[in-house]
Each structure stands twice: as structure tokens, then as C-alpha cells.
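Engineer: Before I ask anything, let me first share the structure, which is written out below as C-alpha cells.
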Amino acid sequence: MDYQRFFAERIAQLQGEGRYRVFADLEREAGRFPAARQHVGGAQSRPVTVWCSNDYLGMGQHPTVLAAMREAIDRTGAGAGGTRNISGTTHYHVLLEQELAELHGKESALLFTSGYVANEAALSCLAASLPNCLILSDALNHASMIQGIRHSGAEKKIFRHNDVAHLEQLLAEADPDRPKLVAFESVYSMDGDIAPIGDILDLCERHGALSYLDEVHAVGLYGRHGAGVAQRDGVMDRVDVIQGTLGKAFGLMGGYVAGSDMLVDFLRSHASGFIFTTALPPAITAGALASVRFLKEAGGAALRSLHQERAETLRGKLRAAGLPIIEAPSHIVPVLVGDAARCKQASDLLLERHAIYVQPINYPTVPRGTERLRLTPSPLHDDAAMDRLVAALKDIWTALDLKQAA
Ligand SMILES: *Cc1c(COP(=O)(O)O)cnc(C)c1O
């Protein structure tokens with residue numbers, strides 16, 4: 001086989017559909033979030049404003065976080081030096097796991113190298129181990145959950161997105177004695193909608209199913225201490241497994257699950273994606289610890305309320321300009337384009353003409369025909385930046401003759 005030709009053809013196909021991914025070469029500027037420099041070849045760079053970061057609160061540049069990381073590097077060096085089992089468990093890992101368990105009101109928590117790995121490892125291990133497990137999975141679950149479910153080899157049924165009646169029907173059809181696991185998210189990151197967590201937990205309890213909730217786009221951002229939407233809704237104690245990331249609102253990287261002592265100890269002892277990989281560097285865990293602690297307290301609550309206000313203000317400005325936003329009750333503000341090639345063009349033009357960076361979101365991240373620009377306003381995007389963004393979007397909508405709001 002001509003391997004290189006195979007790869008080239010598949011890439012050409014993506015390019016033809018306008019789905020070829022081009023990464024912006026950015027250099028974030030500490031202390032100036034959401035400003036960054038875009039490298040444009042050679043030594044050339046230009047200033048841009050980032051409108052699509054998942055560092056939702058700018059914690060990746062927070063002085064408290066940076067100080068904790070510097071201190072950890074000075075005290076302990078760069079890497080963890082091993083897997084968690086073989087010399088890689090540093091005191092920072094232990095403290096962070098305690099902090100995360102406490103944040104979620106659970107007995108224990110377990111760190112993974114990313115949120116993706118946490119989902120993949122935990123779901124594949126749980127569903128493969130529970131005898132004859134049936135998985136019920138929301139139709140819009142993240143790729144990392146889908147992979148974990150696939151790798152488990154367990155039978156799965158998909159319920160329509162956030163459709164409690166459909167989930168109930170599938171649970172009622174299943175053998176009452178069979179172990180079941182319901183996997184879902186709180187804030188869905190591409191539409192910004194939020195699951196009816198309490199209703200889903202009612203069903204889990206009634207049908208004896210284990211509940212597994214991905215709060216990746218909610219930790220740090222919702223609830224009194226930033227534990228997520230389950231905390232906000234007063235149902236956190238009823239969730240069996242809460243999964244989160246340290247890479248989005250907490251501003252670093254890493255993932256985790258929180259749950260009962262026994263469940264977490266079981267994963268610690270059996271999940272391949274936890275066991276056979278080098279532990280996170282101590283500086284990352286130290287920074288995450290500082291970030292989680294900061295966001296738990298009053299400073300975090302203030303950022304959370306400003307964050308929601310910023311999202312609502314941006315939605316208002318976009319609506320007033322007749323731009324077709326996807327309405328959502330969260331901090332995520334998607335603007336619909338509805339075509340892959342033009343979504344890419346819109347993103348390119350925003351960057352070239354207006355120094356505004358928003359990555360196009362295309363299939364398979366979202367269904368075809370719903371391609372979009374996904375805006376993530378932070379507490380540090382002020383009114384002036386929003387007005388510049390709205391004016392730029394109007395210019396691009398006219399230039400490309402894109403659809404206005406209905
Ligand atoms: C980003 C994301 C993950 C993966 O988290 P990382 O820490 O980035 O690996 C998991 N679930 C959802 C819903 C996500 O959007």
C-alpha cells in the first residue's frame with residue numbers, strides 16, 4: 001500500500017469539505033488575559049484578542065496560581081518522577097485529591113493526567129468490571145466518555161439528549177437486577193445547555209443505576225464553592241461519580257473523579273489509564289490546588305457572578321445586532337454559521353481583519369449544518385472588547401452574506 005498517498009488523500013478530503021484543522025500559533029501574555037500574540041511566520045507576531053479560550057476565568061494567569069507553581073518548581077523540581085504507584089505520588093497530589101474530594105463532598109478523589117483520560121479510564125474500567133453492565137449514555141456526551149464506553153465492551157443504550165422520559169423508558173425496559181451506569185454531563189460545551197441533573201438522579205435511584213456526571217465545563221464556575229451545577233442545584237450528594245478537569249476553569253491541566261472511598265479505591269487499583277502513566281508534575285498539582293482553593297472562596301464567587309453577567313451582556317449585544325446566537329442558560333455563547341467552509345472563512349476573516357481569534361467548530365465536534373463560532377466571554381472581556389467583537393462579526397456576516405437571526 002502507498003501509505004503516504006492514503007494520508008494525503010484523506011487530508012485533501014478534509015480540505016475539500018472545509019474541515020481541515022489549522023491551529024493558531026499563539027503566545028499568551030501572562031497578566032494580560034485575554035490578549036495574546038499570534039505568530040505568523042519567522043519572528044513576526046501580532047496582537048490578538050482570544051474569544052474562545054476554555055481558561056474561562058483567566059485562572060491560568062492568576063498570580064496566586066503562578067506563585068504556587070513557581071514555589072513547587074523551586075522546592076521539588078520539574079517532573080513527578082514516576083507513575084503514581086512507583087514514586088510519582090508527591091505530597092501535592094495527596095493534598096489536591098483531598099481538596100477535590102472535599103470540594104465535591106465525596107469521600108475520595110483520584111487524579112488523572114487529563115479530563116479525557118479520567119473519563120476514558122474510569123468509564124472503561126467501571127463498565128467492563130461490573131458484571132453484565134448496561135450503560136445509558138446521553139446522545140451528546142463528549143468523545144472521551146464515548147471512547148471509555150466503547151473500550152469497556154459493555155452494552156450501551158443512547159438516550160436522546162437531556163430527554164428524561166427517554167432515559168426512563170430505557171431504564172424501565174432493562175432487567176431490574178442488572179447493574180446500570182448512567183453517563184451524562186452538566187453543561188454541554190457546544191450548545192451551552194444544562195442537564196436536568198435532579199430528574200436524572202431520581203431515575204438512577206429508582207432504577208438502581210450508578211450515576212456518572214461529567215462537570216468539566218462547570219467546575220470552578222457554578223455552585224457556592226465552584227463545585228459545579230450539581231452543587232448549585234443542591235443534588236451533589238446524590239451523584240455517585242463526579243468527573244472534572246483542572247484544564248478549563250481551573251486554568252492548568254489534569255482530570256479527576258470524585259466518589260465513595262470504595263469506588264475510588266477500586267479505580268485506583270484497576271484503571272489502566274490511571275496506573276500505567278507518569279503522574280502529573282508537582283508544579284501543575286500545586287497550581288491546581290491554589291486555583292481550586294481560590295475559586296472556593298469569596299474571590300471565586302465574585303468571579304463566577306461576573307462571568308455569568310459577562311455572558312448575558314454579550315448575548316444581549318449579539319441579539320441586538322441580529323446575529324444568530326444559540327440561546328443557552330450558561331456561560332457559553334455559540335453563534336451559528338451552519339456551513340463548514342464558511343465557518344472557517346468567518347474565523348479567518350475575524351483574525352485577519354480584526355485581530356479577533358475564534359476557532360471554527362465543525363463536524364464531528366458538532367453535527368453538520370450546525371457549524372458555529374463558540375464564544376467564551378470571561379470576566380476579563382470588558383464592554384469595549386465586546387463592542388469590537390460585535391462590530392467585527394457584523395462586518396464578517398455582511399462580507400460572507402451569512403444568515404442573520406430569525
Ligand atoms: C474538554 C472535555 C473533557 C476533557 O477534559 P481535558 O481535561 O481537556 O482532557 C471531558 N469532557 C468534556 C465534556 C470536555 O469538554
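The values are calculated or read from the model by the stated rules, or taken from the named source; none is laboratory data. Just so you know, these numbers come straight off a predicted model, no measurement behind them. Using ideal geometry, Cβ is built from the backbone for each residue, glycine included, and neighbour counts are taken over all protein chains shown. Protein only, heavy atoms only, side chains kept; ligands, DNA and RNA dropped before computing areas. Shrake-Rupley method; radii C 1.70, N 1.55, O 1.52, S 1.80 Å.
Engineer: Give me the accessible area per residue for the chain, probe 1.4 Å, as a whole number in Å².
Structural biologist: With the other protein chains kept in place, the chain gives 44 Å² per residue.
Engineer: Output ³J(HN,Hα) for region 315-330: one whole-Hz value per residue in order, computed from phi by the Karplus curve 6.51 cos²θ - 1.76 cosθ + 1.60 with θ = phi - 60°, and x for Gly and Pro.
Structural biologist: Couplings: 4, x, 5, 5, 4, 4, 8, x, 8, x, 7, 8, 5, 8, x, 9 Hz.
Engineer: Based on DSSP, what percent of beta bridges with both residues in the chain are antiparallel, to the nearest 5?
Structural biologist: Bridges in the chain that DSSP calls antiparallel: roughly 55 percent.
Engineer: Would you please name the chymotrypsin sites (Phe, Trp or Tyr not before Pro) within region 262-327 that are DSSP coil residues with at most 14 other C-beta atoms within 10 Å of their C-beta?
Structural biologist: Within region 262-327, the qualifying chymotrypsin sites (Phe, Trp or Tyr not before Pro) (loop, at most 14 other Cβ atoms within 10 Å) are PHE276.
Engineer: Another question, if that's okay. With a cap of 12 neighbouring Cβ atoms within 10 Å, and only residues DSSP puts in a loop, list the GluC sites (Glu not before Pro) found in region 274-362.
Structural biologist: Those that pass, being in a loop and sparsely packed, are GLU297, GLU327.
Engineer: Given a cut-off of 29 Å, name the pairs among LYS296/LYS317; LYS156/LYS403; LYS106/LYS180; LYS106/LYS248 whose C-alpha atoms lie farther apart than that in the structure shown.
Structural biologist: Over 29 Å apart, Cα to Cα: LYS296/LYS317; LYS156/LYS403.
Engineer: Only helical DSSP H runs with n ≥ 4 go in: add -39500 (n - 2.57) per run for the chain, normalise by residue count and round the 222 nm mean residue ellipticity to 500 deg cm²/dmol.
Structural biologist: Helix-only estimate at 222 nm: -13500 deg cm²/dmol.
Engineer: Trypsin sites (Lys or Arg not before Pro) within region 211-307: which are DSSP loop residues with at most 14 other Cβ atoms inside 10 Å?
Structural biologist: In loop regions of region 211-307 (DSSP not H, G, I, E or B), the sparsely surrounded trypsin sites (Lys or Arg not before Pro) are ARG224.
Engineer: Something else about it: With a cut-off of 8 Å between alpha carbons and a minimum separation of six or more residues, what is the relative contact order of region 222-267 in percent?
Structural biologist: 23 percent
Engineer: What figure, in Å² to the nearest 10, do you get for the accessible area of PHE159 with a 1.4 Å probe and non-protein molecules left out?
Structural biologist: For PHE159, solvent-accessible area is about 0 Å².
Engineer: Report the relative contact order of region 63-296, percent, no decimals, based on alpha-carbon pairs under 8 angstrom and at least 6 residues apart.
Structural biologist: 32 percent
Engineer: Sort the following peptides by mean Cβ neighbour count (other Cβ atoms within 10 Å, averaged over residues), highest first: 328-338, 252-262.
Structural biologist: 252-262, 328-338
Engineer: Along region 346-361, what does the Karplus equation 6.51 cos²θ - 1.76 cosθ + 1.60 (θ = phi - 60°) give for ³J(HN,Hα), rounded to whole Hz, x for Gly and Pro?
Structural biologist: Values per residue, Gly and Pro as x: 4, 5, 4, 5, 4, 6, 5, 7, 10, 6, 10, 9, 9, 6, x, 10 Hz.
Engineer: Find the relative contact order for the chain and round it to a whole percent, using C-alpha pairs within less than 8 Å whose residues are 6+ positions apart.
Structural biologist: This gives 21 percent for the chain.
Engineer: Based on DSSP, what percent of beta bridges with both residues in region 63-296 are antiparallel, to the nearest 5?
Structural biologist: 40 percent
Engineer: Which whole-Hz ³J(HN,Hα) couplings does region 144-152 yield from phi under the Karplus relation 6.51 cos²θ - 1.76 cosθ + 1.60, θ = phi - 60°, glycine and proline marked x?
Structural biologist: 5, 6, 4, 4, x, 5, 4, 5, 5
Engineer: Please state, rounded to one decimal and in Å, the Kirkwood hydrodynamic radius that region 1-158 gives when every pair of distinct Cα atoms enters the mean of 1/r.
Structural biologist: This gives a value of 20.4 Å.
Engineer: Further question: Tally up the carbon and sulfur contribution to the accessible surface of the chain as a whole percent, 1.4 Å probe, everything protein left in place.
Structural biologist: 54 percent
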